[in-house]
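Undergrad: To start, I am sharing the structure in question, which I have written as structure tokens.
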Amino acid sequence: MEHLIRGELDRFRFLTLGAAVVHLLVLRVSMTLTPLFVNDAAKTSVALMAYGLFGAGLGLYQMSTYRRGHLWAWLVHRPVGAGRLFVALSAAAATVMALAVVAPALAMTVYLDWLTPTYVDARHYAMLPFLFGLSMCFYWLGAFVAVYPRRGGALAGVVVIFFLSREAAGLWIFASLAAVAAWLAALAWAAFRPSPTSDERRPAALLGTVLPVAYAIFWILMGSIALVRSVAVGLADSGVAGFRDFAWDDYWDEGELMHLEYLDPQGALAHGLRLASTQDQGGAGEGQTAPAARAAALLAQIDLADVYEPWGPRFSGFADRHQLFFDDRRHELLDAEGEVRWTFSHDLMLFVGEHRRTGEAMGFLGLGGSPTPSAGGSERFASVPFVVDSKWLVFPRRLVEVDFALDQFDLRFELPPGETVAMPFNAHRSFVALLSTERLYLFDPRSLELDDGPLSPLASVAIPGSERNLSRFQIAEMIDSYLVSFVFGARNFRDFGEARQVVVELPIGGGADAHGVVSDLALGAGFPNWYRRRGFVLSPLLQHGHDLLWNLIGPDREERVSWADIRARAIPGDVLMPTAMLTLGSLLATFGILAWRRRPTSDRGFWLAVAALCGLPGALACLALTTRNEAAGLESMASSERAVDVSGLSAGRSPA
Amino acid sequence: MSDRDDTAYALETRALTKRFGPKLALRHLNLRIERGGVHALVGSNGAGKSTLFRIVLGLLEPSVGESWVLGHPSRELDPQTRGRIGLVTEEHTLPGWMRVGALTTMQRSIYPRWCQATFDEVLGHFRVGADQRVKQLSRGERAGLSLALALAQRPDVLILDEPTLGLDVVAKQAVLECLLFAGERDDCTLVYCSHQMDEIERIADHLTILESGELVSTGSPQDFWDRIGCWTLEGFPVPPVATAVPGLLQWRTVDDVEQIVVFDQGAGFGQWLESQGAIGARSTPIGFDRAVNAFLSRHHVTPEMRRVA
Amino acid sequence: MIQIATGDARPIFQQIVDGLRLKIATGELGAGTRLPSVRGLAMQLTINPNTVARAYTQLAEEGLIVSQKGVGVFVAERRQRLSDAERRRRLRDATERFVHAVVSLGFSPEEILDHLSEELELLETAHDGESHVRPR
């Protein structure tokens, strides 16, 4: 089939050449703005979208021109199997991608590697096959959409592509890329048949389309339910006519998580104190308990207090070695004068310096903190640091201060084993906060500024709950203590974590665990159970399948739900009932759709199984992917065949 | 060369029905096209010829029924069988971006029975250069190229969907000549679909008429022609209603002469006309094209049309 | 050599038969003249060779041409082929057809007769020329 490939390349020669030149120019121009390898999320998403659009555009254009008119007959009606034709078309597209996408990027990478002092890691070269795979994924998506006869099928491809948006750890991203590419290629390959409009009968090919379509519908339903509910809430809250005052914090009651989410730091802290003081007064018969009294006393002071809410990046996953450079800003360090850019090399595990104006190589920077002319002279880092404020190197267990004046890195704090940094130093004028996965540490800002050595905390407190479930926390400096309010519930929106507010008081200069719990409130979820678990109600299989699959390929984040999480959670009756009802309803609806479309009985088993497993999304996928059975009613027509006019003419012989 | 054992039929359909939404493109079509000769397929627009070809080649799924090409079921045509079936599509669609030379090389490498002599002979009728891109060719040149490509495959069946549509006289002549005489036509069955009655009169051995997706007539063109009679008369004392005229195809009044075209009536129609008191009735000869056209337009006969001059 | 027209009331094979018959009758094609092969004539006229074969078959049945295997098709020697009664019957049929065709054209019988005799005279001169003009 090399002739077909050659023909396609001849066809796309201008496109390929033009795209390659434009690509090269864009890369060159973008380099004058930011270094090629230093990306942030915005730059990455724009770039990846451009590669994706190019790939999808090529697939759509190439296939839809063949699908149009009689060219399809010309293409598939020949002594070559459809599979081989598809492979040839894909091979031509792969060549286009190699020339238009990979070659310019490779040229720039090689140029930077060999002709400039920029240090190029293996991971920078690894980006090239990733880009190639990404554009091929999109190419197959476009090809599939062009060939697949029903519009609903497009959802399948789009949703599979979404798995690429998750950045897997290190080079594992190639595993998810390969899986997505294989899935999309299989979808397009299965759709590429001499008669693409005929019903797919191979169960594997059918399932490969139906499942992602159901999955896409699942997410559309999830979004729609949230939207409908928020509009309904708005209407109920402010009346149909008065939409103007609609605001979430008006709607949520005090004592509900959502109410707390919208309060300012001072309000949030006061909320905990106020509820604790009133609750105990009403509840206990023998007068006010000690914490309640304390809460009331603190509440009286809170208006005067200095309440602070640390804000900044929460680290849930540290960079793996050889991570692709989708978000490399945190690997960059500027020296005190801002003249030398130190970029972390994953190959060397050292910072590599480059003069920002002259582009001159400035040597290497290792653990020791002083630049060396050769990589061998520096002590290598053990893990990839995050750079914060160009001043801090954050490691999972250590915080290191960069001191360019003395050419040294100072270890300022080390966490005990088993803890990792969740939020690095966050300075306020009267204290500095550090959140680990287990504890909150408060430091004296003066010793942070003036000393070089390791810091010892003024106070610390164990987080009274799971750090991943921590939604926000506030710190107030009172007369003789710190007051910390922890608001839990980051995982409560899907009912995987409790919603709670805990206020603790830390005496200044007290021991490590000298603290008192002032307030410990269970918060209302603010949403009914069925709503928080609407994914489960819609389809337990899709929801949990999503959780497990998504976690498999993604970094550790707070929304991560493991199999243990799922198993540990009971299913309340008000979730189970709607789930059962909806599944039953979906089965009935599917049955109705099949009867209405007059699908043959042989189809029933498959679609009913889909509806049983995927619930409402399965039923809607059935609606989207089946068509009215053409054969229905035609057999009876054949038997009551209308009289052909000719026989009528012949019969009507004139009377002789 | 070809497997003679596979079947006596080049094309066969059984109860073939295709529905597009509420519309039936083919109705319970039972068609058998024997091997050898030129089979003309005639029908007004929308008679379902293109749908039939697409189904027969397995490019479209029928709603009901089965079809076979050279004895192989259309739904699962293997590549080898596809190589034995030539297709010249309406408009002679070829990928416009390809160069003639590259296109030829590609087809030559694919088709096992490729005959370069036939290709050169056919293309010789049309001035087509190998360097030209297909989209730069004129309609006639493109027709020649697609015909040359199809004939050089030396197919056992060659399906042609209106191959001369929109061609000038010279190109049309060349196409017909190539179809009839290029290569070894003897073991090739031509299935020829056209609206051009003069072409069909010239080249067809068999005539099949489709109408609204139904088979209405099949046989030799001469037999069909013989079944159509044309009578002229000066008038009736009391004109009969059109529906009472047996086998009426067409009834026109031209210059005060009534002209009635009827189907399958033989000489007996004259007696019927006499029994109606027709004045000056006599049988007149009718050309093939007029005969077929009268047959195809027979549904338009209404009593109102009589009064239209 | 001969012309055919599609859209004519006569089938193509009939036009070939009529055309050749006339040429043989007028002597334009003398006995022993070699006719084009089936394929050759079909190619000249761009028609299906089967049609030519059918016309040749009919002419051969009428005894106007003979086909010699592997050599070609030739105009046969002229001979009386029909009985007098048959000839008269055919003349009557032809006249009847002619009269039917011209009756409504509005010519007077004299005009029709004049025209007919002119045509027949032309035929006669062509016939006379047979011995002088060598057939092609």
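Undergrad: Note down the nm distance, to one decimal, between modelled labels 7 Å out along Cα→Cβ at A:Gln408 and at A:Ala300.
TA: Taking the simple label geometry, A:Gln408 and A:Ala300 are separated by 5.1 nm.
Undergrad: Oh, and also: Find, among the trypsin sites (Lys or Arg not before Pro) in segment B:121-165, those assigned to loop by DSSP (not H, G, I, E, B) with at most 12 other beta-carbon atoms within 10 angstrom.
TA: Loop-located and lightly packed - B:Arg127.
Undergrad: Rounded, prolate or oblate: which fits the protein assembly as shown when a ≥ b ≥ c are the square roots of the eigenvalues of the alpha-carbon gyration tensor, with rounded for a/c under 1.5 and prolate only if a/b beats b/c? Provide the component values of the computation, followed by the final result.
TA: Details: a/c = 4.33, a/b = 2.42, b/c = 1.79.
Prolate.
Undergrad: Averaging sequence separations of C-alpha pairs under 8 Å and six or more residues apart, then dividing by the length of chain A, give the relative contact order as a whole percent.
TA: Computed value for chain A: 11 percent relative contact order.
Undergrad: What distance in nm lies between label points placed 7 Å from Cα along the C-beta direction at B:Arg252 and A:Ala50?
TA: 6.7
Undergrad: Using +1 at the Cβ of each Lys and Arg and -1 at the Cβ of each Asp and Glu in the protein assembly as shown, identify which of A:Gly368, A:Leu523, B:Gln116 lies farthest towards the dipole's positive end.
TA: B:Gln116
Undergrad: Run through segment B:33-121 and list the trypsin sites (Lys or Arg not before Pro) located in a DSSP loop whose Cβ has at most 15 other Cβ atoms within 10 Å.
TA: Of the trypsin sites (Lys or Arg not before Pro), the ones in loops of segment B:33-121 whose Cβ has at most 15 other Cβ atoms within 10 Å are B:Arg113.
Undergrad: What list do you get for A:Arg201, B:Arg298, A:Arg13 if you sort them by fewest beta carbons within 10 Å?
TA: Arranged by neighbour count, lowest to highest, A:Arg201, B:Arg298, A:Arg13 become A:Arg201, A:Arg13, B:Arg298.
Undergrad: Please report, in debye to the nearest 20, how large the charge dipole of segment B:56-203 is about its Cα centre when each Lys and Arg carries +1 at its beta carbon and each Asp and Glu carries -1 there.
TA: Dipole size: approximately 600 debye.
Undergrad: Express as a percent, rounded to the nearest 5, the fraction of DSSP beta bridges in the protein assembly as shown (both residues included) that run antiparallel.
TA: 85
Undergrad: Still on this structure, I have one more. How high is the relative contact order of segment A:107-171, in percent, counting Cα pairs under 8 Å that sit 6 or more residues apart?
TA: 19 percent.
Undergrad: Just how large is the dipole of chain B about the Cα centre, in debye to the nearest 20, putting +1 at every Lys and Arg Cβ and -1 at every Asp and Glu Cβ?
TA: Values: 32 positive and 39 negative charges, 187 e Å.
Computed charge dipole of chain B: roughly 900 debye.
Undergrad: For A:Met478, A:Met63, A:Met577, which order do you get if you count the other beta carbons within 10 Å of each Cβ and list the fewest first?
TA: A:Met577, A:Met478, A:Met63
Undergrad: Treat every Asp and Glu Cβ in segment A:496-629 as -1 and every Lys and Arg Cβ as +1, leave all other atoms uncharged, and give the resulting dipole magnitude about the Cα centre to the nearest 20 debye.
TA: Dipole magnitude for segment A:496-629 comes out near 1100 debye.
Undergrad: If I stretch the segment between B:Phe181 and B:Arg282 completely, what's the gain in nm (0.36 nm per residue apart, minus their alpha carbon distance), one decimal?
TA: 32.2 nm
Undergrad: With viscosity set to 0.692 mPa s and temperature to 37 °C, compute the Stokes-Einstein D of chain A, Rh being the Kirkwood radius across alpha carbon pairs; µm²/s, no decimals.
TA: For these conditions, the coefficient is 111 µm²/s.
Undergrad: To continue, here is another question. Tell me the mean residue ellipticity at 222 nm calculated for the protein assembly as shown from its helices only (DSSP H runs of n ≥ 4, each -39500 (n - 2.57), averaged over every residue, nearest 500).
TA: Mean residue ellipticity at 222 nm (helix-derived): -14000 deg cm²/dmol.
Undergrad: Something else now. Could you work out how far apart the two model spin labels at C:Asp114 and A:Glu360 are, taking each label as a point 7 Å from the Cα in the direction of the beta carbon, and quote it in nm?
TA: 12.1
Undergrad: On to the next question. Quick check on segment A:543-637: take the gyration tensor over C-alpha atoms, sort the square-rooted eigenvalues as a ≥ b ≥ c, and tell me if it's rounded (a/c under 1.5), prolate or oblate.
TA: Since a/c reaches 1.5 and a/b is larger than b/c, the shape of segment A:543-637 is classed as prolate.
Undergrad: Which one of B:Leu160, A:Leu399, A:His331 has its Cα pushed farthest toward the positive end of the charge dipole of the protein assembly as shown, where Lys and Arg give +1 and Asp and Glu give -1 at the Cβ?
TA: My answer, from the dipole projection, is B:Leu160.
Undergrad: Name the shape class, rounded, prolate or oblate, that the alpha-carbon gyration tensor gives for segment B:125-168, where a ≥ b ≥ c are the square roots of its eigenvalues, rounded holds for a/c under 1.5, and otherwise prolate holds if a/b is larger than b/c and oblate otherwise.
TA: Oblate shape, in that a/c is at least 1.5 and b/c is the bigger or equal ratio.
Undergrad: Calculate how steeply helix A:13-33 sits against the longest principal axis of the alpha-carbon atoms of chain A, using the helix alpha-carbon long axis, and give the answer as 0 to 90 degrees to the nearest 10.
TA: So the helix axis and the longest Cα principal axis differ by about 10 degrees.
Undergrad: In degrees, nearest 10, range 0 to 90: what is the angle between the Cα axis of helix A:290-301 and the longest Cα principal axis of chain A?
TA: Helix A:290-301 sits at roughly 90 degrees to that axis.
Undergrad: Report the relative contact order of chain C, percent, no decimals, based on alpha-carbon pairs under 8 angstrom and at least 6 residues apart.
TA: Values: 109 pairs, mean separation 38.4, N = 136.
Relative contact order here is 28 percent.
Undergrad: I need the semi-axes of the equivalent ellipsoid of segment A:57-143: take the C-alpha gyration tensor, multiply each eigenvalue by 5, square-root it, list largest first in whole angstrom. Walk me through the intermediate numbers first.
TA: Numbers: eigenvalues 254, 24, 20 Å².
Semi-axis lengths for segment A:57-143 are 36, 11, 10 Å.
Undergrad: Same structure, new question: Which angle between 0 and 90 degrees, to the nearest 10, do you get for helix B:100-110 versus the longest principal axis of chain B when only C-alpha atoms count?
TA: 80
Undergrad: With no solvent and one equal point scatterer placed on each C-alpha of segment B:174-300, evaluate the Debye formula and give log10 I(q)/I(0) for q = 0.09, 0.16, 0.21 Å⁻¹, two decimals.
TA: Log10 of I(q)/I(0), two decimals: -0.33, -0.83, -1.21.
Undergrad: Take the Cβ-Cβ distance between A:Phe174 and A:Asp253 as r, set R0 to 45 Å, and report the resulting FRET efficiency rounded to the nearest 0.05.
TA: 0.35
Undergrad: Neighbour counts of other C-beta atoms within 10 Å: give me A:Ser485, B:Ser275, A:Ser466 arranged from fewest to most.
TA: Listing A:Ser485, B:Ser275, A:Ser466 from fewest to most nearby Cβ atoms yields B:Ser275, A:Ser466, A:Ser485.
All of the numbers you see were taken from the coordinates with simple rules; none came from a lab. Model, not experiment: these values are computed from the prediction. Positions of Cβ are generated from backbone atoms using ideal geometry, with glycine treated the same way; all protein chains shown enter the neighbour counts.
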